[in-house]
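Only one structure is covered here, and it is reproduced in the block below.
Coordinate-derived values only; no laboratory data. On a predicted model such as this, the values are computed, not experimentally measured, just so you know. Don't worry about glycine lacking a Cβ; one is built from the backbone with ideal geometry, like all the others, and counts go over all protein chains shown.
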Amino acid sequence: MQSPSLGWPKGRRLLLMRHGETYEPRLDAAMPSADDDPALPLTARGREQLREIAAWIAHADIQAAWASPFARAQETARIVAEPHGLAVGTLPALRELPLYGPPGGTLRDVAQRYLALMRDLAARPLHEVPLDGPHTLGEFLDAALASLRDAVEQASGTVLVVAHGGLNRFLLGHWLGMPPERAIAIEQNFACVNVVEFVGSGRPWVRALNVTLHDPLKSHAPGI
């Protein structure tokens, strides 16, 4: 991956969100298959939480809104961008990391896949670590960073981007200069907001992480 200090347009602010709630956050929650995942909808509670987020940041001068192609990210971005009168663009490279549990699996199964991924990252480089499908983790993240940089560059101020918990962890870890195997330590709850500014020569400045209005002290999150 590119150096976190290089190549970003200076003077931009990124509001990077995880999509809203799609299941009750408990370890025995059923998880979708790879085929069903792109169409997974938000819950009614998730939509209500996002309306609170939209009201909270309605004062922000958001100039553009982008989202993963997955349905839950698109709907999240539409709800949050609505007060600003913005259409939502699609960034295909920001889709969820292809890392799935067995058929009929649960959140605990997916968590185990992520823990195995971290062990793999501690043993070999990003571009040798496989995901489900044809791409390595390094290739996946390279594409996501390039796509995100292009989106940020098109605006002159604040940009809203809605993606996924797994991907966001690695993006934020990259900007923070963390070893990739520690990315799992950056929690990303449903409907969270992260604030990243690109200052000076375009260096990333992570100003806020995993901000949630509905659970500010993380009392109800499963911790994965």
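Name every residue in the stretch 190-207 that is in contact with a His (Cβ under 9 Å, 6 or more places away or on another chain), not in a strand (DSSP E or B) and not aliphatic (A, V, I, L, M), in order of residue number.
Result: F190, single match.
Just give me the residues in the stretch 195-216 being closer than 16 Å to I57 by Cα and of a type in the set (F, W, Y), in sequence order.
None - no residue of the stretch 195-216 is closer than 16 Å to I57 by Cα and of a type in the set (F, W, Y), so the list stays empty.
Which of (1) closer than 12 Å to A191 by Cα; (2) surrounded by fewer than 18 Cβ atoms within 10 Å (Cβ to Cβ) is the odd one out, the single condition A71 does not satisfy?
Status for A71: all satisfied but (1).
Inside the stretch 8-31, can you point out the residues that are over 29 Å from W175 (Cβ atoms) and not aliphatic (A, V, I, L, M)?
Selection gives E24, R26, D28.
Let me confirm something: among L117, L107, L94, which residue is closer than 20 Å to P32 by Cβ, surrounded by 13 or more Cβ atoms within 10 Å (Cβ to Cβ) and touching a helix residue (DSSP H, G or I) at 6+ places or on another chain (Cβ under 6 Å)?
L94
What is the residue count in the stretch 40-74 for residues that are outside any helix (DSSP H, G or I), touching a residue at least 60 places away in the same chain (Cβ under 8 Å) and not β-branched (V, I, T)?
So the answer is 9.
In the list N210, N168, which residue meets the criterion of being surrounded by 16 or more Cβ atoms within 10 Å (Cβ to Cβ) and in a strand (DSSP E or B)?
N210
Determine whether D150 is assigned to a loop (DSSP other than H, G, I, E, B) and surrounded by fewer than 16 Cβ atoms within 10 Å (Cβ to Cβ).
no
Considering only residues that are in contact (Cβ under 8 Å) with a residue 24 or more places away in the chain and in a loop (DSSP other than H, G, I, E, B), which ones fall in the stretch 75-86?
The answer is L86, and nothing else.
Checking L160 against (1) assigned to a helix (DSSP H, G or I); (2) of a type outside the set (D, E); (3) under 19 Å from R13 (Cβ atoms), which test does it fail?
Here L160 meets the rest and fails (1).
Tally time: how many residues in the stretch 138-163 are without any contact (Cβ under 8 Å) to a residue 40 or more places away in the chain and closer than 28 Å to H59 by Cβ?
Here the count works out to 1.
Which one is surrounded by the fewest Cβ atoms within 10 Å (Cβ to Cβ) among residues in the stretch 9-39 that are touching a residue at least 60 places away in the same chain (Cβ under 8 Å) and among the acidic types (D, E)?
Out of the qualifying residues, it is D28.
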